[in-house]
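Taking it in order: structure first as structure tokens, then the write-up.
Please treat every number below as a calculation from the coordinates, not as lab data. Predicted, not measured: the structure shown is a model, and the values here were computed from it. With ideal geometry, Cβ positions are generated from the backbone for all residues, glycine too; neighbour counts draw on all protein chains shown.
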Amino acid sequence: MQHTAQHNTPSQKGGSSFGGGFSGKGFAHPPRNVDALAIDPGMNVADFGSGSGAYVLLIADALKGYGHVYAVDIQRDLLRRTVNEASRKGYANVSAIHADLEKPRASKLSDEALDLVLVSNLLFQLEDASAVLEEARRILRPNGRLAIIDWSDSPPDGERRMGPQKKDIVTKESALELARKAGFGLQREFPAGGHHYGLILKVAPKANI
């Protein structure tokens, strides 16, 4: 079961150290990462494990009022905050979906309905990461893409460590293998910020899975 939410940043009030910071400490940088996703107006996008909604709001802005972005998370309070903040900013193309993504068809979205699924700082928190990637594969169109951003290591911060415990880190190589088994092939990598990796994957033809 997915235990906690994602995308909180050390610079955000009440944020979790699990999220990516906005450059001050060299962590993941959501604005730059959204640019790397090449989002065009009219796309339909889901953010799995949307957490504080940082990526959701940036994606909504990139869509320029055309298309839709779904915030999918297990924490209702964070979903409410995301929707409220989207409304405050004037984004009418944001919806919240409460879901435990490790359960079958948890996102409640239709088959082959989306252009992009983002999975950021989520894999290390899951007991069954394969189930989440399989759900992403189900809802993506044949030309759809999966973006994975996650921790590459657990850097020290004084006597503590930022991010997940070392034993919980899902390495880039492990993420690629999980994605391959779920029906994806690597399209490209991108720099996702300090102590993170970024992957863009495409839906693989069924004959090649």
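With the largest listed first and rounded to whole Å, the semi-axes of the equivalent ellipsoid of the range 30-208 from the Cα gyration tensor are 23, 21, 16. Sparse packing (at most 12 other Cβ atoms within 10 Å of the Cβ) combined with a DSSP loop state is found for the following chymotrypsin sites (Phe, Trp or Tyr not before Pro) in the range 45-78: Tyr66.
Summing +1 for each Lys or Arg and -1 for each Asp or Glu among the other residues whose beta-carbon sits under 11 angstrom from that of Val119 gives -3.
One chain, two ends: Gln165 and Gln187. Fully extended at 0.36 nm per residue, the span grows by 5.1 nm beyond their Cα-Cα distance. Counting only DSSP beta bridges whose two residues both lie in the range 30-208, roughly 45 percent are antiparallel. Panel values: the range 107-188, Kirkwood radius from alpha carbon pairs, Stokes-Einstein at 4 °C and 1.567 mPa s, translational diffusion coefficient 95 µm²/s.
Database remark: amide H of Ile97 closer than 5 angstrom to the amide H of Ala71, Val72, Asp73 (H placed geometrically; neighbours at sequence offset of 5 or more, or on other chains; Pro and chain starts carry no H).
Within the range 100-123, list the residues whose amide N lies under 18 Å from a label point set 7 Å along Cα→Cβ of Ser174. Those under the cut-off are 102, 119-123.
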